[in-house]
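S.K.: Take this structure first; my questions come after.
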Amino acid sequence: MSILIMDESYRGTVANIATYDVSRFRTRVHEYVHMDPMIQPYVELAGFGHISKIMSWSVDNKCILVLCERWRPETHTFWFPTGECTVTLEDVYMLLGLPIEGKVLNGKTNYANSICMDLLDTDLLDYNSRGQVSGSSMHIMYLSLLRHVDRIGSYSWGSACLAYLYSSLCKNSHKDTSTFYGCAVLLQAWGWSRLPSIAPVNNNPFTFPYAQKWSARGMSYNRCPRHCITQYRNLLDHL
C-alpha cells in the first residue's frame, strides 16, 4: 500500500464514489461510417481492415466509469477482489485487430500550414484551433502519414491505442474528471470479455476481432438491458 500516492483526489474512494454525479461522465464515441468500396483497399493496406468492419457501438458510460473507479495509476492495473489485471497488447490485437508490431508512432505534433493544402487541398483556417478537423477528432500530426499510404501499416497502432487508453484511465482516476478520451470501445470490449458477469447476453460465435461479437452486425446493443451504476459496482465487488 506504500506505493499508492493518491489520497482524497482518487476517484475510487468510498466518499468520492458516493458523492460523484454519474450523469456528468461522458465518453468520446463515433458512429460507424459506411465505407466507399474505392477506399477499402487503402484501409486494408494501412492495417485498419479488421477495425473498419466493427459496426456501430453504443458505449455504456456507467460501465466505463466503474472501471475507472478501480484503476490505480501507480500500478497501471485494475484492482478487483480477485486481484489485479490490466489491458494488454494481446487484448488490443484480439479485440480490435490493430497491429501491435512495427515502428513506434511518435514524432512532432506541429506542422506548417501548407501540409493541409498539400494533402487535403484545404486551408488550415478550416480547422479548429487545436489542430483537429472539425467534428472528426483527427489530429493534424497524422496527416504526414498520408504522403505514403503504403507505410501506414508499418506502425504499431495497437501500441499507440493502448498507451492512450492508459493515459486516459490515469487522468480519469482523479475524482474531478468527467470526460473519457481513450478508446472506450476497447475498454468496454475488454471488460465484457474478461468480466463476463457485466456483459450483455449474446450467443454470437467467436469472431476476430473479438469486438465484432458484440457489434451491430450480430445484435443491437441498444436493445440490450443495461445495468445501473449500483449494479455494476456490486457485480465487480463480488467477482
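Please treat every number below as a calculation from the coordinates, not as lab data. This structure is a prediction, so every number in the text was calculated from the model and none was measured. Cβ placement follows ideal geometry from the backbone for every residue including glycine, while neighbour counts extend to all protein chains displayed.
S.K.: Please give the net charge around Thr179, taking every other residue with its beta carbon less than 14 angstrom from that of Thr179, where Lys and Arg add +1 and Asp and Glu add -1. Kindly include the intermediate steps, with their values, before the conclusion.
M.R.: Values: positive: Arg11, Arg24, Arg26, Arg28, Lys171, Lys175; negative: Asp21, Asp176.
For residues surrounding Thr179, the net value is +4.
S.K.: State, to one decimal in nm, how far the label point of Leu235 lies from the label point of Glu74, with both points 7 Å from Cα in the Cβ direction.
M.R.: In this crude spin-label approximation the distance works out to 2.9 nm.
S.K.: Could I ask something else about it? Given R₀ = 45 Å, FRET efficiency for Met6-Tyr142 by Cβ-Cβ distance, to 0.05? Don't skip to the answer; put the middle values down first.
M.R.: Numbers: r = 33 Å, r/R0 = 0.72.
In this case the efficiency is close to 0.85.
S.K.: Please give the contour-minus-distance gain from Ser154 to Thr19: 0.36 nm per residue of separation, less the Cα-Cα distance, rounded to one decimal in nm. Display every interim value, and only then the final one.
M.R.: Working: separation 135, 0.36 × 135 = 48.60 nm, distance 4.62 nm.
Once the chain is fully extended between Ser154 and Thr19, it gains 44.0 nm.
S.K.: Residues with beta-carbon under 13 Å from that of Arg11, excluding Arg11: net charge, scoring Lys, Arg +1 and Asp, Glu -1?
M.R.: +1
S.K.: Among Asp237, Asp7, Asp91, which comes first, then next, by fewest other beta-carbon atoms within 10 Å? The partial results should precede the final answer.
M.R.: On the way: Asp237 11, Asp7 7, Asp91 21.
Ranking Asp237, Asp7, Asp91 by Cβ neighbours within 10 Å, fewest first, gives Asp7, Asp237, Asp91.
S.K.: Stretch Lys171-Lys108 to full length: gain in nm at 0.36 nm per residue minus the Cα-Cα span? Show your work: numbers first, answer last.
M.R.: Details: separation 63, 0.36 × 63 = 22.68 nm, distance 2.27 nm.
Value of the extension gain: 20.4 nm.
S.K.: For Ser193 paired with Ile115, estimate the spin-label separation in nm (one decimal), with each label point 7 Å from Cα along the Cα-to-Cβ line.
M.R.: 3.2 nm
S.K.: Could you give the dipole magnitude of region 59-100 about its Cα centre, charging the beta-carbon of Lys and Arg +1 and that of Asp and Glu -1, in debye to the nearest 20?
M.R.: That gives region 59-100 a dipole magnitude of about 100 debye.
S.K.: A further question on this structure: Using a cut-off of 10 Å between beta-carbons, work out the net charge of the residues near Leu45 (Lys and Arg +1, Asp and Glu -1, Leu45 not included).
M.R.: Numbers: positive: Arg151; negative: Glu44, Asp150.
Result for the local shell: -1.
S.K.: May I ask you to derive the FRET efficiency for Thr86 and Tyr42 from their Cβ-Cβ distance with R0 = 45 Å, giving the value to the nearest 0.05?
M.R.: On the way: r = 33 Å, r/R0 = 0.74.
So, using R0 = 45 Å, E works out to roughly 0.85.
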